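Input: a single structure, listed below in structure tokens.
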Amino acid sequence: MKKSLLLLLIAIGFGCQKPKFDTIIRQAVIYDGTGADSLRGDVGINGDTIAFIGDLSKAVSDQTIDAKGLALSPGFIDTHSHHASGLNREPEALAVVSQGIT
């Protein structure tokens, strides 16, 4: 019985841990590109990856960016770029053009 209670308390403790991100962008007006209405929310980033979009009010992070009143379009790629004009001088820039500009 004591062992079961201990395991239950440990499981509850792990379940109560706050989500952790490298960076959280908080309270942005988020446009997801689907045509849906914008939403006010947070974006959690780990390394170079968008890990979560939504309510992260209970999460913690190493860095927090206050985006209140600002618009955010996470993951959008801007395909309009003038990088291609220098490809004859710097052909290694081809990767930039083919992957898009974020």
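Just rank VAL29, VAL60, fewest to most, by other beta-carbon atoms within 10 angstrom.
VAL60, VAL29
Distance in nm between label sites at LEU70 and LYS20, each 7 Å beyond Cα in the beta-carbon direction?
In this crude spin-label approximation the distance works out to 2.5 nm.
Arrange the following residues from fewest to most other Cβ atoms within 10 Å of their Cβ: SER38, SER61.
By the 10 Å Cβ count, ascending: SER38, SER61.
Sorting PHE76, PHE21, PHE52 on the 10 Å Cβ count, fewest up front, what's the list?
Arranged by neighbour count, lowest to highest, PHE76, PHE21, PHE52 become PHE76, PHE52, PHE21.
Values quoted throughout were computed directly from the atomic coordinates according to the rules given, and no laboratory measurement underlies them. Keep in mind it's a predicted model, so treat the numbers as computed, not measured. All Cβ positions, even for glycine, are placed from backbone atoms using ideal geometry, and neighbour counts span all protein chains on display.
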